[in-house]
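The structure appears right after this line, and notes come after that.
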Amino acid sequence: MEVVLAKNAGFCMGVRRAVDTTLGMVQKGETTIATFGPLIHNPQVLKLLEEQGVRILTEIPAQATGSIIIRAHGIPPEEKKKLEATGARVEDATCPRVLKVQAIIARYKKEGFATVIIGDRDHAEVEGLMGYAGNTGQVVNSEADVAALRLDGPYIIVSQTTQDEHLFERLKEMILQKYPRGEVFNTICDSTHKRQEEVRQLCHEVEALVVVGGKTSANTKRLGEIAESLGCPVFMVESETDLDAQALAGYGRVGVTAGASTPNWVIGRIVEVLENITAKTP
């Protein structure tokens, strides 16, 4: 089987920074390290960190020792203050692109602007952004959400950094038609833009697409949805054990892409297994 690997598959800058920060603390000999929530959305990396002694906190303790790392997706400002009050050293591994969106929301909120976030309501990043928007923040992810949107006064539109660009543009225009003169910030990160454009291109060059990443990874899921919308057969996998060799043998040329939290070693194993699948002859 011929395999075409997307150039931008694998760790984005923000994920690499968060993982490097955490592993760097391990290598320095810090013995009490925890992340507040999963550092990133990838099971293999989380297992690796667990093996290195890095725990995941699901709640903020009253008191703590050692270091607590803020996940790449960021958290609400109130939660950061509570973490700092525990007595532990707080290491902020929030992606710089997410920090930028947080800063935009905070700045405009002070000036009296409401915030509309185009994104997934239950995603960790959006939950963090809503913490900066406060009670003036609203999340939309569909045309129905826009129809239900109610705004009174000045507002800004921002995006979850891993949102589908085409969806963002469509919903943004609908919001502006309903409530003119909103200020728009396309805060979809460059890495997301490149991955999504590569998927759209790959779908014209291959017979099927394998998308590698954690089941809870929103940006990974989005890559699969884009390919499906273009009529390309899609196989969503977390590791090589998820590959359906029998089904994939029906294709002679297969593309591979991966979410921003997928490590290179997982992608490499996927490619190796695919290259050893013998395509069925008609």
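Observations
- Applying the set (1) within 20 Å of the chain's Cα centre (by Cα); (2) assigned to a loop (DSSP other than H, G, I, E, B); (3) among the basic types (Lys, Arg) to Arg195 leaves exactly one unmet item: (2).
- Helices (runs of 4 or more DSSP H) (entirely within region 75-178) containing at least 2 residues that are exposed (fewer than 15 other Cβ atoms within 10 Å of the Cβ): 77-84, 96-110, 143-148, 165-178
- Selection count where residues are more than 26 Å from Val116 (Cβ to Cβ) and among the charged types (D, E, K, R), scope region 201-222: 3
- Test result for Gly259, of a type in the set (Gly, Ala, Ser), at pLDDT 95 or above and within 24 Å of the chain's Cα centre (by Cα): no
- Check on Gly231, on the phi > 0 side of the Ramachandran plot and surrounded by fewer than 19 Cβ atoms within 10 Å (Cβ to Cβ): yes
- Here Ser217, Ser239, Ser261 are screened, and the one residue that is in contact (Cβ under 8 Å) with a residue 60 or more places away in the chain, outside the structural domain of Asp122 (by TED's automatic domain parsing), in contact with a Pro (Cβ under 9 Å, 6 or more places away or on another chain) and closer than 30 Å to Asp122 by Cα is Ser239.
- Some residue of region 241-252 being of a type in the set (D, E, K, R) and not in a helix (DSSP H, G or I): yes
Residue-by-condition table, conditions (1) outside any strand (DSSP E or B); (2) in contact with a Pro (Cβ under 8 Å, 6 or more places away or on another chain); (3) in contact (Cβ under 8 Å) with a residue 12 or more places away in the chain; (4) crowded, with 22+ Cβ neighbours inside 10 Å:
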| site | (1), (2), (3), (4) |
| --- | --- |
| Ala9 | yes, no, yes, yes |
| Arg17 | yes, yes, yes, no |
| Leu23 | yes, no, yes, no |
| Thr31 | yes, no, yes, no |
| Ile40 | yes, no, yes, yes |
| Val45 | yes, yes, yes, yes |
| Glu50 | yes, no, no, no |
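- Search result, residues across region 219-265 that are of a type in the set (Val, Ile, Thr) and out of contact with any strand residue (DSSP E or B) (no Cβ under 8 Å at 6 or more places or on another chain): Ile226, Thr241
- Residue selected from region 158-179 under the condition over 12 Å from the mean Cα position of the chain (by Cα) and of a type in the set (Val, Ile, Thr), by the criterion farthest from Arg195 (Cα to Cα): Ile175
- Filter result for Val98 (at pLDDT 95 or above and touching a strand residue (DSSP E or B) at 6+ places or on another chain (Cβ under 6 Å)): no
- Residue within region 199-213 that is closer than 19 Å to His41 by Cα and either part of a loop (DSSP other than H, G, I, E, B) or at pLDDT below 95 (or both) present: yes
- Criterion: of a type in the set (Phe, Trp, Tyr), touching a Gly at 6+ places or on another chain (Cβ under 7 Å), modelled with pLDDT of 95 or more and over 19 Å from Gly259 (Cβ atoms) - qualifying residue of Tyr155, Tyr132: Tyr155
The values are calculated or read from the model by the stated rules, or taken from the named source; none is laboratory data. All values derive from a computational prediction rather than experimental measurement. Glycine gets a Cβ as well: all are built from the backbone with ideal geometry, and neighbour counts include every protein chain shown.
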